[in-house]
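**Q** Got a structure for you, questions after.
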Amino acid sequence: MEKKNIDWSNLGFGYVRTDKRYVSNYKNGAWDEGVLTEDSDIVLNECACVLQYAQTIFEGLKAYTTEQGRIVAFRPDLNAERMESSAKRLEMPVFPRERFVEAITRVVAANTAYVPPYGSGATLYLRPYMFGSNSVIGVKPAAEYQFRVFCTPVGPYFKGGAKPLTIRVSDFDRAAPHGTGNIKAGLNYAMSLHAIVSAHEEGYDENMYLDPGTRSRVEETGGANFLFVTKDGGVVTPKSDSILPSITRRSLVYVAKEYLGLKVEEREVLLSEVEDFAECGLCGTAAVISPVGKIVDHGREICLPSGMDEMGPVTRKLYDTLTGIQMGRIEAPEGWIHVIE
């Protein structure tokens, strides 16, 4: 399929309508067969459960062109697994994992004209999501649901390279103890909107959220997990029941251990020990690793030795290795790369 006439190198990280999306409806206890459609609009009753009680979950992943010219997706089986966990937590029907991967495959295959070419720095972002669609006025789960997948070409998260970020320790909580912080529910992100807007207004790039129980341990940001590097080159990631199990973070942990031979710890991280780390990064689908140069704790500045000019050396190795695996420059572990065509 001939590529669309898009200036790939100048794409932003935003929505571009593409040709096809996948839709499947759940009714009377079963999912229908699902279809590809050109219709990007959703029509809902004014009392739809998603509008009244925010019963919605989503995922995010990418497809891209490798060095060998193949169109692939990165670990969609883990997105399917995580969406299953999210659905169960919000009393929603599980969309079968194999059908999830099939839907991803069909959407990418139907929109190959929008998959950016290798070396452009752009990718095809995929957004699978599910919501309660029938009218519900009493507080209870919906009886009908819709699962959808759309895609949009996006540019690199950072224009001109990933410059280290300045973040603040937030006074807001991202999630409640024993709440929904460990699933990818829309309501978690709504909770973070005021905090991120106020952070930007004060000149910060992101928030560091602490555990809501004691406010002494590092959790995550509004949309990414933390990864720290010790002064002797080890990797530390926070462990908590109320943070999202990032697929990027899990992949980076594997890369650190198996490809780079680094010592890795997944444990509770106290805010008081952050100043002892050499590097810090935020892990997520959009940018893989976003380096952090400075953390501000109510006026007290914690400056990472890696500085504000560029990625630290260990963070750079992790980034280069994982993106090398994704783009086909480095051999991938079995099952990580899902070939579309």
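**Q** Are there strands (runs of 3 or more DSSP E) fully within the stretch 1-107 with at least 1 residues that are open to solvent by 80 Å² or more (accessible area, probe 1.4 Å) and either at pLDDT below 95 or basic (Lys, Arg) (or both)? List them.
**A** Strands (runs of 3 or more DSSP E) meeting the threshold: 21-27.
**Q** Does any residue in the stretch 184-198 that is under 15 Å from SER170 (Cβ atoms) come within less than 6 Å, Cβ to Cβ, of a residue that is assigned to a strand (DSSP E or B) six or more places away or on a different chain, and which pairs are these?
**A** Taking only residues 6 or more apart or on different chains, the pairs are ALA195/ASN207.
**Q** Just to check your reading of the model, which residue among LEU252, LEU244, LEU262, LEU227 is in contact (Cβ under 8 Å) with a residue 24 or more places away in the chain, over 23 Å from LYS184 (Cβ atoms) and touching a helix residue (DSSP H, G or I) at 6+ places or on another chain (Cβ under 9 Å)?
**A** Being in contact (Cβ under 8 Å) with a residue 24 or more places away in the chain, over 23 Å from LYS184 (Cβ atoms) and touching a helix residue (DSSP H, G or I) at 6+ places or on another chain (Cβ under 9 Å) holds for just one of LEU252, LEU244, LEU262, LEU227, which is LEU262.
**Q** Moving on to the next point. Among the numbered criteria (1) over 16 Å from the mean Cα position of the chain (by Cα); (2) at pLDDT below 95, which one does ALA195 miss?
**A** It is condition (2) that ALA195 fails.
**Q** What number of residues in the stretch 211-237 are part of a strand (DSSP E or B) and open to solvent by 10 Å² or more (accessible area, probe 1.4 Å)?
**A** The number of residues fulfilling the criteria is 1.
**Q** Let me ask something else about it. Here are the criteria: (1) crowded, with 16+ Cβ neighbours inside 10 Å; (2) modelled with pLDDT under 95. Tell me which single one VAL255 does not satisfy.
**A** (2)
**Q** Another one. Can you pull out every residue in the stretch 180-198 that is among the hydroxyl-bearing types (Ser, Thr, Tyr) and more than 15 Å from ASN225 (Cβ to Cβ)?
**A** Listed by number, the residues that qualify are THR180, SER198.
**Q** Could you count how many residues in the stretch 187-201 are open to solvent by 20 Å² or more (accessible area, probe 1.4 Å) and closer than 28 Å to GLU81 by Cβ?
**A** 6
**Q** Can you tell me which residue in the stretch 284-341 is surrounded by the most Cβ atoms within 10 Å (Cβ to Cβ), limited to those that are basic (Lys, Arg) and over 25 Å from LEU78 (Cα atoms)?
**A** LYS294
**Q** Pairs please, first residue from the stretch 77-96 and touching a residue at least 12 places away in the same chain (Cβ under 8 Å), second anywhere and among the acidic types (Asp, Glu), Cβ atoms under 7 Å, 6+ apart in sequence or on different chains.
**A** ASN79/GLU59; ARG82/GLU59; MET83/GLU59
**Q** Only residues that are farther than 22 Å from GLY234 by Cα and in contact with a Leu (Cβ under 8 Å, 6 or more places away or on another chain): list them for the stretch 287-330, please.
**A** The answer is ASP297, and nothing else.
**Q** Here is a check on your reading of the model: is TYR204 touching a residue at least 12 places away in the same chain (Cβ under 8 Å), open to solvent by 20 Å² or more (accessible area, probe 1.4 Å) and among the hydroxyl-bearing types (Ser, Thr, Tyr)?
**A** yes
**Q** Let me ask something else. I'd like the residue in the stretch 154-175 that is at pLDDT 90 or above and open to solvent by 50 Å² or more (accessible area, probe 1.4 Å) and, out of all such residues, is nearest to the chain's Cα centre (by Cα).
**A** Top of the filtered list is ASP173.
The values are calculated or read from the model by the stated rules, or taken from the named source; none is laboratory data. Here the structure is a predicted model, which means the values were calculated and not measured. FYI the Cβ positions are ideal-geometry reconstructions off the backbone, even for glycines, and counts take in every protein chain you see. In case anyone asks, the SASA skips ligands and DNA or RNA and just uses the protein heavy atoms, side chains included. Shrake-Rupley method; radii C 1.70, N 1.55, O 1.52, S 1.80 Å.
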